[in-house]
Amino acid sequence: MTIPRRVGIFAKSHLREATPHLVEIASWLTARGIEPVFETATSALLPRPAPPHAAADKAAIAQSVDLVVVLGGDGTLLSMADCIGATGSNVPILGVNFGSLGFLTEVTLPELYPALEAALSDRGRIEERMMLRSTTTRIDGSVPEYIALNDVVITKAARSRMIDLSVSIGSEFVTRVKADGLIVATPTGSTAYNLAAGGPIVQPTLDALLLTPIAPHTLTNRPIVVPASSPVRVQPHIEERDELYVTFDGQAGLQLQAGDEIRICRAERTLRLIRPSTRSYFEVLRQKLKWGER
């Protein structure tokens, strides 16, 4: 990574407790000759009157800075990550945890400046995380497309019946899933909704996709891990009363229509995630989940 000259700063919406840290980060960067660029809503968290700083929307930040610092929980980082993926940028992200679990926003506040120092001096450890590209093909020819870091989820509305999905991998039909829904996750997303639905934990550096039914109605519908080299195709069997949705990292979504097909594949670009060099993935599992301790 080249030495950053502009650093984007993006905080969780209305996260007032981040305000003093935003001020300190801006001063710390400015003192080192680096321009801070605040996401538009994040700039509103700065105290008034505040020193003038550049502000831009997420898409502009993704395309115009050398590093993005995210303050919040994993949902905040996912929002920025999906925007980076959609713009085709390869700007790295440093996630600072203001949430609860924080698998992605792993850096704690005491670690913030050592982690920033390491990133600015090109000593930061960058992990390449696979992202998903989801394309929904419709009978009318429209093709809504989204990028997701964690997962693509096909699910039903609260009062809908069990849903019926035909699942293929590449050109081969695999199974029909009768369940409340289906999660197609990356290894990074294995500790998110996938884990809550009973799916496996998969080390994030593996090149694989996870298919996990949500509350399956047959005992033989179990989670499966497949190579990421072949796209997953899901064809919902939608009847008149059915209300189905596909969502992307819980950040965006659309209602499905009869005849839709969702194609999910590995995105062309990875997300570059800066991680503290002193903490391993299994250490994070033990710390966040008490994994192996109970």
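Readers should treat all values here as calculations from the given coordinates under stated rules, not as data from a laboratory. These numbers come from a predicted model, not from an experiment. A quick note on method: Cβ atoms are made from the backbone with ideal geometry, for glycine too, and the neighbour counts reach across all protein chains shown.
Per-peptide packing, taken as the mean over residues of other Cβ atoms within 10 Å, places 199-209, 61-71 in the sequence 61-71, 199-209 from highest down. Among Thr42, Thr191, Thr175, whose mean-square fluctuation peaks in a Gaussian network model of the chain (Cα, cutoff 10 Å)? Highest fluctuation among the options: Thr175. Normalising the average separation of contacting C-alpha pairs (under 8 angstrom, six or more residues apart) by the number of residues puts the relative contact order of the chain at 18 percent.
Tally Lys/Arg at +1 and Asp/Glu at -1 over every other residue whose Cβ is under 13 Å from the Cβ of Ala59; what's the total? Neighbour charge sum, excluding Ala59 itself: -2. For region 165-201, list residues with backbone N below 14 Å from a point placed 7 Å from the Cα of Glu261 toward its Cβ? Inside the label zone: 166-174.
Largest GNM mean-square fluctuation among Pro110, Pro227, Pro49, using the chain with Cα springs under 10 Å: Pro49. Under a model in which nothing but the beta-carbon of Lys, Arg (+1) and Asp, Glu (-1) is charged, the chain shows a dipole of about 440 debye around its Cα centre. From largest to smallest, the equivalent ellipsoid semi-axes obtained for region 157-294 from the alpha-carbon gyration tensor read 29, 17, 14 Å.
When the chain is modelled as a GNM with alpha-carbon springs shorter than 10 Å, which of Gly250, Gly141, Gly124 fluctuates the most? Maximum fluctuation in the GNM of the chain, among the listed residues, is at Gly141.
Think of region 132-266 as having a plus end and a minus end, set by charges on the Cβ of Lys, Arg, Asp and Glu; of Gln251, Ala185, Thr136, Ala185 sits farthest toward the positive end of this dipole. Suppose we look only past 26 Å in the calculated P(r) of the chain. What percent of the Cα-Cα pairs does that tail hold? Tail fraction, whole percent: 46. About its Cα centre, region 1-126 has a charge dipole of approximately 200 debye under the convention of +1 per Lys or Arg Cβ and -1 per Asp or Glu Cβ, with nothing else charged. Length gained on full extension, Thr220 to Met162: 19.3 nm, using 0.36 nm per residue less the C-alpha separation.
Excluding same-chain neighbours fewer than eight residues apart, the lysines reachable from Lys58 by a Cα-Cα span under 26 Å are Lys12. Once both labels are positioned 7 Å from their Cα atoms along Cα-to-Cβ, the gap between Ser229 and Ile3 label points is 4.2 nm. Summing Cβ point charges (Lys, Arg +1; Asp, Glu -1) relative to the Cα centre of region 132-266 gives a dipole of roughly 240 debye. Straight-distance candidates among the lysines for linking to Lys178, with alpha-carbon spacing under 28 Å and chain neighbours fewer than 8 residues away dropped: Lys156.
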